[in-house]
Amino acid sequence: MTVALLFAGCAGNHDSSSPSESNDAGASSAKAQRVRAMNQVTDHHSYARPAEARITHLNWNASVDFDSRTIQGVATYDIETAEDAQRIVFDTHDLTIHGVSVDGQSVEFNLGDAQPFIGSALTIPVTPGAKQVAIDYTSSPGANALLWVEAQGDRAPFLFTQSQAILARTWVPVQDSPGVRFSYDATVQVPEGLMAMMSAENPTEMSADGRYTFRMIQPIPAYLLALAVGQVEYRSVGDRCAVYATPDLIDKAAYEFAEMEQLLLAAEDLYGPYAWERYDLLILPAAFPFGGMENPRLTFATPTIIAGDRSLVSLVAHELAHSWSGNLVTNATWDDFWLNEGFTVYFEQRIMEAVYGRDVSEMLATLSYQGLVDEVDAISDLNPDDTHLKLHLQGRDPDDGMTAIAYDKGYFFLRLMENTVGRERFDAWLSNYFEEYAFKGMDTERFVVYLKETLLADEADLTAVRLDEWIYGPGLPDNCPQVSSARIERVDATLAGWEAGDIATADLPWNEWVYQERYRFLSNLADDTTPERMADLDAVWGIGSTGNNEVLFAWMEQAIRSRYAPTYGRLEAFLIEVGRRKFLTPLYRAMKETDQMDMALDIYGKARPGYHSVATGTMDALLDWPASEG
Ligand SMILES: [Zn+2]
C-alpha cells in the first residue's frame, strides 16, 4: 500500500511534515526534499491511505467485560480529508463491526477479507470535507493484543494490552501505521473494584463506579495506544514519577524504582526536555511478554525486574529513553524499527553512564555485544537479510524484526558515529534531531539523507563510518566499536580458572559480584558443565534460589544444558508464571537442542494458556506446536 500525495494545500496536522515546514515558503530545499521523501513512505503493514483521509483525534467510549473477554466500543474519530477523498480506510483484525456513521449519518461500510497478520481493511465512504467517523464494534475473545489474566485466590483479574507492532487493530479500529498520529480522549467502564489506566493522563485512585476518563493531548501512533485494568494502587516516587502495582507488589515496586526521577533528570540533561509531563510505571502480571513497553506517560513493565536491590533499573532507563526515540521521533514503518530501538539502547546506555558510572554502562555494553554476536550468528544461518538495520518485512509479521539487530547493532552503529565525530558534536546533533523531528515519523532513507547533510557532512567522517554497510548490509562490519570492561574480563579469567580446576567453587568471588558479573559467569559456562559441577555451585552459593531473574534465567538455561535436574521444579514454575519472551525463547530452545522435547512440550502445554499472543507466536514455531490447538 502506497502513501503518495499528502494534502497538497491542506494546512492540517500530519505526522510527516510539520506546519512550519509545510507552510513556510522559506524552508530550505533540502528540508523540503526530506519532507517530500517522507510523504512517499510505504507501510506494508497497514491498509490505511492517510494521504486520502486520515484520523487526527480519537474519542473512545468503551466497556470492558471480563466474562466474555471482549471490549465493546465506539471509536469516534476526527478526520482530515484530501480534496478528492472518497473513502477513509481503517485497520481491523478480528473485530465485529456493528455500524458506522459519518458526520452523524449512518453509512454502508466494507470489511475486507482477513489477511495473515494484518487483518481486514474497513473501508468507509466519505466525501471531501467530512469531519467525523464513528465506528461501533466489539473485539473478539481471542484478540491478539489483549491478555486476560484470570482471578486467582485473592488476586483480582487483570487485563492488559500490548499493541506494538500491529496489534492495536485487534482492540480498536484504527489507522494502525506508526506514521499516523492522533490525540485521544476516552471513557472506559470496567468492573467495580478495578482501576483502568491508559497511555494518557491517569487516575490515582479507584473510582466508585468503575468508570474512568482519560485525556492524551500529545499525538501518538496507534502502537502506543494502551489499556490496563486491574486491582492496582498508586504510589508517588517523585515530582513527576509514580508506580502503579497490585497490592502485593506496591511496596516492593516503590522501593525498586525510587530512582526514576533521577533517571528522568539525567535523560533531560542529555537530550532535552521531557515532552510528556508525567513518567509513571505500571507493574503488570508476570505474563507480560516483554520487559517493558514504552506506552507514553505510563510504561508497562514486567515484575521480573523487581530484584529487591534496584539492580535491574536499566530497563526503566530504556523505556524512559523511548520518550524521545520512538515516542517523539517515530519509525515510519516497521522496516525502520532500528530508528526506534538502536537510538533507545544508545540513550539508555548514556543514562546508565550518567547515573551509575561508565564502569556499569560498559559492563552492560559488553553483555549486549556478546548477545549481538550470538544473534548475528543465529540469524545469519536463517535469513542473512534480517541482519540489516533496514529490514524488509513485507508479507511477514513485523514481530519478526524485533531481534537484537535493531537494538544492539543499532546501538553500536550510533556508538561508532559518536566515536567518529566526538561525543560533544554527537550529543548536540542528537538533541537537535529529537527537537527537529518531534512528533513526526522518520524512515531510514530520509534519515540517511539527514545524516549526510548534518552529522556526517564531512567526507572523511562519512567514509570512516561506512554507512551503507551498516544499514543495508549483513552482519557486523569490522569497524564495529570495541567494548571492554575490566570487570567482565576478570569474570572471564575467573571462569577459566574455575573450569581448569585452579579455583575452587568456594573461592569464587560470588558475593562481591554484581548481577552483570554473575550473569556473565553463568551464561559463559561450557555447555558440557557436568551436573555435579552445577550441584557444587548451587550448594555453595545457592544460585538456584536467587531473587534476581536475570541470574536465575542464566542459571536455568545452563541447568537445562547440564541436565541438572534439581533446578527443573523451579524451571517449570518459572515458565508457567512468567511470560516474558526474552526468557522463554532461550529456555525452550535449550530443551529442544538437548533432546528434552518431552519436558518442553509438557511444560508448554501447561503454560501456554497464560501466555500473550506475541509469546505463543514465537514458541509455537519453535516447538512446532500444532496450530489447531491454538
Ligand atoms: Zn525498546
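The values are calculated or read from the model by the stated rules, or taken from the named source; none is laboratory data. What you are looking at is a predicted structure, and each value in this text was computed from that prediction instead of being measured. Reconstructed Cβ throughout: ideal geometry from the backbone, glycine too, with neighbour counts over all protein chains shown.
Would the range 213-221 turn up any residue that is buried (at least 18 other Cβ atoms within 10 Å of the Cβ) and more than 30 Å from Q175 (Cβ to Cβ)?
Within the range 213-221, none of the residues are buried (at least 18 other Cβ atoms within 10 Å of the Cβ) and more than 30 Å from Q175 (Cβ to Cβ).
Does the range 126-157 hold any residues that are under 30 Å from E83 (Cβ atoms) and in a loop (DSSP other than H, G, I, E, B), and which are they?
Within the range 126-157, V126, T127, P128, G129, A130, K131 meet the criteria.
Return yes or no: is D386 acidic (D, E) and either within 16 Å of the ligand (Cβ to nearest atom) or touching a helix residue (DSSP H, G or I) at 6+ places or on another chain (Cβ under 6 Å) (or both)?
Yes, satisfied.
Tally time: how many residues in the range 329-348 are closer than 15 Å to V313 by Cα and either surrounded by fewer than 24 Cβ atoms within 10 Å (Cβ to Cβ) or away from the ligand (no atom under 11 Å from the Cβ) (or both)?
0
Go through the range 361-378 and count every residue that is under 20 Å from the mean Cα position of the chain (by Cα), more than 20 Å from R518 (Cβ to Cβ) and modelled with pLDDT under 95.
The number of residues fulfilling the criteria is 1.
Return the residues of the range 394-412 that are part of a helix (DSSP H, G or I) and surrounded by fewer than 19 Cβ atoms within 10 Å (Cβ to Cβ); say none if nothing qualifies.
Residue satisfying the conditions is D400 alone.
Which of the following residues is more than 16 Å from the ligand (Cβ to nearest atom), touching a residue at least 12 places away in the same chain (Cβ under 8 Å) and of a type in the set (A, V, I, L, M): I351, I306?
Among I351, I306, only I306 is more than 16 Å from the ligand (Cβ to nearest atom), touching a residue at least 12 places away in the same chain (Cβ under 8 Å) and of a type in the set (A, V, I, L, M).
When only residues in the range 309-323 that are part of a helix (DSSP H, G or I) and more than 10 Å from the ligand (Cβ to nearest atom) count, which is surrounded by the most Cβ atoms within 10 Å (Cβ to Cβ)?
If we take residues in the range 309-323 being part of a helix (DSSP H, G or I) and more than 10 Å from the ligand (Cβ to nearest atom), then A317 is surrounded by the most Cβ atoms within 10 Å (Cβ to Cβ).
Does at least one position in the range 158-168 carry a residue that is in a strand (DSSP E or B) and polar (S, T, N, Q)?
Yes, the conditions are met somewhere in the range 158-168.
Taking the range 453-479, which residues are free of Cβ contacts under 8 Å to residues at least 12 places away in the same chain and either within 28 Å of the chain's Cα centre (by Cα) or assigned to a helix (DSSP H, G or I) (or both)?
E459, A460, L462, T463, D468, E469, P477
Quick test for you: out of G357, G326, pick the one residue that is within 11 Å of the ligand (Cβ to nearest atom) and modelled with pLDDT of 95 or more.
None of the others qualify; the one that does is G326.
Suppose we keep only residues that are aliphatic (A, V, I, L, M) and surrounded by 24 or more Cβ atoms within 10 Å (Cβ to Cβ) within the range 284-296. Which one would you say is farthest from the ligand (Cβ to nearest atom)?
L284
Residue by residue, here is whether (1) in contact with a Phe, Trp or Tyr (Cβ under 8 Å, 6 or more places away or on another chain); (2) under 25 Å from Y223 (Cα atoms); (3) of a type in the set (A, V, I, L, M); (4) modelled with pLDDT under 95 holds:
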{"residue": "N383", "(1), (2), (3), (4)": "no, no, no, yes"}
{"residue": "G401", "(1), (2), (3), (4)": "yes, yes, no, yes"}
{"residue": "Y411", "(1), (2), (3), (4)": "yes, yes, no, no"}
{"residue": "E418", "(1), (2), (3), (4)": "yes, no, no, no"}
{"residue": "G441", "(1), (2), (3), (4)": "no, yes, no, no"}
{"residue": "R446", "(1), (2), (3), (4)": "no, yes, no, no"}
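Restricting the search to the range 514-553, which residues are of a type in the set (V, I, T), in a helix (DSSP H, G or I) and within 13 Å of T567 (Cβ to Cβ)?
Passing the criteria: I543, V551.
Of the numbered conditions (1) modelled with pLDDT of 95 or more; (2) crowded, with 20+ Cβ neighbours inside 10 Å, H57 satisfies every one except a single condition; which is it?
Every condition holds for H57 apart from (2).
Of a type in the set (A, V, I, L, M, F, W, C), over 27 Å from the mean Cα position of the chain (by Cα), more than 25 Å from E453 (Cβ to Cβ) and at pLDDT 95 or above - does that describe any residue in the range 4-22?
No, the range 4-22 contains no residue that is of a type in the set (A, V, I, L, M, F, W, C), over 27 Å from the mean Cα position of the chain (by Cα), more than 25 Å from E453 (Cβ to Cβ) and at pLDDT 95 or above.
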